[in-house]
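A.B. asks: I have a structure I would like to understand better, so I am pasting it below and will then ask my questions one at a time.
The values are calculated or read from the model by the stated rules, or taken from the named source; none is laboratory data. None of these values were measured; they are calculated from a predicted model. Methodologically, a virtual Cβ is constructed for each residue, glycine included, from the backbone with ideal geometry; neighbour enumeration extends over all protein chains shown.
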Amino acid sequence: MDQCIFCRIIERRVPARIVFEDDEIVAFEDTNPQAPIHILIVPRKHLTSLKDATPDDAPLLGRLLMVAAQLARERGLEPKEYYII
């Protein structure tokens, strides 16, 4: 998707400070953070919103949450200190 900023970051057409990536997921620091630690975690598969997800996407969506928890632990954040939105 040419217009999607997240797709352009994943394709390395827009610079970003990548903090995690694998075959399914890329996580990077927000360029305009709203908190001391503000990391965006996105799937490589383009999903405009959750309404576009199908039951086949359930494992990917679960992995997004697991990566969020892993990155929070690595940064010493307690569960009450991070939010998934």
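A.B. asks: Restricting attention to segment 19-70, and to residues there that are under 17 Å from Cys4 (Cα atoms), among the β-branched types (Val, Ile, Thr) and at pLDDT 95 or above, which single residue is surrounded by the most Cβ atoms within 10 Å (Cβ to Cβ)?
C.D. replies: Once the filter is applied, the top-ranked residue is Val26.
A.B. asks: Follow-up question, since we're still on this one. I want to confirm something. Restricting to segment 1-18 and keeping residues that are β-branched (Val, Ile, Thr) and surrounded by fewer than 16 Cβ atoms within 10 Å (Cβ to Cβ), which single residue is nearest to Leu65 (Cα to Cα)?
C.D. replies: Looking at the filtered set, the residue picked out is Ile18.
A.B. asks: Could you please find all residues in segment 23-43 being touching a residue at least 24 places away in the same chain (Cβ under 8 Å) and either in contact with a strand residue (DSSP E or B) (Cβ under 6 Å, 6 or more places away or on another chain) or under 20 Å from Gly62 (Cα atoms) (or both)?
C.D. replies: Listed by number, the residues that qualify are Glu24, Ile25, Ala27, Ile39, Leu40, Ile41, Val42.
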